[in-house]
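Each remark here refers to the structure printed beneath this line.
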Amino acid sequence: MKLYDFHGGIHPPEYKHLSNQTAIRQLPLPPTLVVPLSQHIGNPAKPIVNVGERVLAGQTLAKADGHVSAAIHAPTSGTVVDIAMRPFAHPSGLPDVAIVITPDGQHQWIEKQPLDWQHADTAQFKQHLQMMGVVGLGGAVFPTHLKVGDKLQHLVINGAECEPFITCDDLLMRERAADIVAGVDILRQRLQAENTLIGVEDNKPEAIRALQQACAGLPIEVVVVPTKYPSGGAKQLIRLLTGKEVPHGMRSTDLGVQCFNVATVYTMWRAVVLGEPVVSRIVTLTGAVKQAGNVEALIGTPLAWLLQQAEPTYSGQQAVVMGGPMMGFELPDLQAGLTKASNCLIVKDPALFPPRPAALPCIRCGACAEACPAQLQPMDLYWFAKAKNLGAAQENALFDCIECGACSYVCPSQIPLVDYYRFAKSEIWAAEREKKAADLARTRHEFRQFRLERDKAEKAARLAAKTATPPPTAAPQALDDSKRAAIEAAMKRAAEKKAQNADAPAAEAKPKKDDEAKKAAIQAAMERAAARKAAKESGEAAPAVETPAAKPAMDDAKKAAIQAAMERAAARKAAKESGEAAPAVETPAAKPAMDDAKKAAIQAAMERAAARKAAKENGEAAPAVETPAAKPAMDEEKKAAIQAAMARAAARKAQQAAEKGDPT
Ligand code: SF4
Ligand code: SF4
């Protein structure tokens, strides 16, 4: 098969022999596990367990938070003893949230859930990978479910493992080639790849043989590539195997190519076929240790405990590198837990890693540009980063730099160029984060101002509506026609009822002890209640209740009606006492016709009643009862007789009192 070379590259000492001589070792359970929630590109996973909870191996500890995220699982059975900030394996040295588990020693698994991948649709396949926490184990830890959607022309499997010292992929390919190839075959079918290639550097003959045997009969080709650093870079391997260059600003999928690391494919196969989430990985322990080799370690294993398994022979300050010597970083704290990205731990000693000489000025020799596999101008990026001219650094494709370190390796001035690029990238990311935070804060402030103004305006409107004295007809005018009609109808019914009530005493002709004023008040209350009910049924605000101030608005007719009712009651009482027929009750319609003659008749009836009472007390015959019809005939003589009788009665009463010794 034709191979294509890529620009630049270097050939550093490999040191792979230190750790590739023995088989992968299984380790005992560590005393504790510190499982970080940020083990992938994107949002950290969200914890779904609590402190004190017992968990089983493979149980989800934290679920994916959003599309660019992946789940985190319990590596073994045990008890969650803490969820807190813990040391984290990162160059920044900053801690991060981790779930701490004390293993119970039983390593009891949850029920495993394989996927029927041949019948699952793309969404189900993606969801399964995300739920199983499958991410890129080659170092990038990019969630794998984000890479399995598009149909491909070339499926490239990365078994190059070009970084010195690291041999975990080599041992994995040697020992588990069949499982890897089974995973590759699943991907090949799912992504309908026309061409499937596994690229392996020629310094791994045993792995190549194992893979070739496993691929027998399958449309999968194992391609042996020359050993050159960094042939394991995704873009470099794609170039090597397919001849395609991924241009600046584009992704390989835009060219119909996708690249997966062999360890990623292996964990994907376990997740799909065995139903096991990612709870462990193969790690190379090498450098200044007695037991160099590869171990299968649980995620979360404390790095200090892990290194003890290899028996370090040196323990200087910041003596452990995670990753390789080219792209790795010195671990700030060995209490951090192993992550999915941790492929290698190297214990440094002065023999293997002599101190780097002091950096000298750049002599513009151009060696760095010749070595750069991304075809950048490293010396220019160095100047821009040093001068904090971050805009210029970005314009010169700073983010195309894969931090391979080839430029630093060849620099005769010993300038730690990659450190400058990392610094510039972190500054740009920090500035972008600050800009996003500022934009968010400004948006929030503007919305708060808008909300305050809106609340203020609404409050003022409510206050104005409350304090305004509406004209008597204001409320009805504010109502729509249908509502107003409902209220008017209710008031009309109330008025009719009132008229009927006014007629009722005449019809029933029965005396009542309640005075008419009380009735009128009750009637008014009923009218108001009827109006309110009508308003409520029509969905309107209830009409204003008549306050004392509103009472003057009560019309004169109502007052006159009450007055008339009181007069009629007095007349009926007087007529009853005098034994006369009760005067006819006046209806409201007849009321205006009530004249002075009627009033005089009432007065006369009262006088006659008094005369009869006086005559009775005197033992005299009661004066003849005058009928209303006879009243006009009552003359002055009769009046005089009554008054005389009254005078006599008074005299007798005074005499009787004197005879009894009454002081009065
Ligand atoms: S290799 Fe070093 S000295 Fe030479 S141009 Fe690059 S940065 Fe400058
Ligand atoms: S570290 Fe960046 S600039 Fe230097 S050689 Fe690698 S890709 Fe090029």
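The values are calculated or read from the model by the stated rules, or taken from the named source; none is laboratory data. Model, not experiment: these values are computed from the prediction. All Cβ positions, even for glycine, are placed from backbone atoms using ideal geometry, and neighbour counts span all protein chains on display. SASA here: full protein model, heavy atoms, side chains in, ligands and nucleic acids out. Shrake-Rupley method; radii C 1.70, N 1.55, O 1.52, S 1.80 Å.
Determine which member of the set PRO355, PRO325, PRO312 is out of contact with any helix residue (DSSP H, G or I) (no Cβ under 8 Å at 6 or more places or on another chain) and farther than 30 Å from THR32 by Cβ.
Step by step, each of PRO355, PRO325, PRO312 is checked, and only PRO355 is out of contact with any helix residue (DSSP H, G or I) (no Cβ under 8 Å at 6 or more places or on another chain) and farther than 30 Å from THR32 by Cβ.
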Qualifying positions in the stretch 127-146 - assigned to a helix (DSSP H, G or I) and open to solvent by 50 Å² or more (accessible area, probe 1.4 Å): GLN127, MET131
Residue match in the stretch 224-240 (condition: open to solvent by 20 Å² or more (accessible area, probe 1.4 Å), over 20 Å from MET326 (Cα atoms) and at pLDDT 95 or above): yes
Subset of the stretch 331-349 [surrounded by fewer than 24 Cβ atoms within 10 Å (Cβ to Cβ) and within 15 Å of VAL289 (Cβ to Cβ)]: LEU334, VAL347, LYS348, ASP349
The one condition in (1) of a type in the set (A, V, I, L, M, F, W, C); (2) farther than 16 Å from LEU137 by Cα; (3) open to solvent by less than 20 Å² (accessible area, probe 1.4 Å) that ALA178 fails to fulfil: (3)
Complete set of residues in the stretch 282-319 that are open to solvent by less than 30 Å² (accessible area, probe 1.4 Å), under 17 Å from ALA89 (Cα atoms), outside any strand (DSSP E or B) and of a type outside the set (Ser, Thr, Tyr): ILE299, GLY300, LEU303, ALA304, LEU306, LEU307, ALA319
In the stretch 328-341, residue nearest to ILE72 (Cα to Cα) [restricted to those that are part of a loop (DSSP other than H, G, I, E, B) and in contact with a helix residue (DSSP H, G or I) (Cβ under 8 Å, 6 or more places away or on another chain)]: LEU338
Long-range neighbours under 7 Å by Cβ, at least six apart or interchain, first residue touching a residue at least 60 places away in the same chain (Cβ under 8 Å) within the stretch 397-418, second among the hydroxyl-bearing types (Ser, Thr, Tyr) and more than 14 Å from ligand 1 (Cβ to nearest atom): ALA406/TYR229
So LYS386, is it within 11 Å of ligand 1 (Cβ to nearest atom) and either within 30 Å of GLN308 (Cβ to Cβ) or open to solvent by 40 Å² or more (accessible area, probe 1.4 Å) (or both): yes
Any hit, the stretch 389-411, residues being within 27 Å of GLU163 (Cα to Cα), within 13 Å of ligand 1 (Cβ to nearest atom) and not in a helix (DSSP H, G or I): yes
Within the stretch 363-380, considering residues that are over 14 Å from TYR409 (Cβ atoms) and either among the aliphatic types (A, V, I, L, M) or part of a helix (DSSP H, G or I) (or both), the one farthest from ligand 1 (Cβ to nearest atom): ALA374
Matching residues, the stretch 24-42, being open to solvent by 60 Å² or more (accessible area, probe 1.4 Å) and assigned to a loop (DSSP other than H, G, I, E, B): PRO28, LEU29, PRO31, ILE41
Members of the stretch 46-64 that are under 14 Å from VAL279 (Cβ atoms) and assigned to a loop (DSSP other than H, G, I, E, B): LEU56, GLY58, GLN59
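Determine which member of the set PHE353, PHE384 is part of a helix (DSSP H, G or I), more than 8 Å from ligand 2 (Cβ to nearest atom) and not polar (S, T, N, Q).
Working: PHE353 fails: part of a helix (DSSP H, G or I).
Criteria check complete, one pass: PHE384.
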Sole exception among (1) open to solvent by less than 30 Å² (accessible area, probe 1.4 Å); (2) touching a helix residue (DSSP H, G or I) at 6+ places or on another chain (Cβ under 9 Å); (3) within 30 Å of GLY287 (Cβ to Cβ) for ALA120, by number: (3)
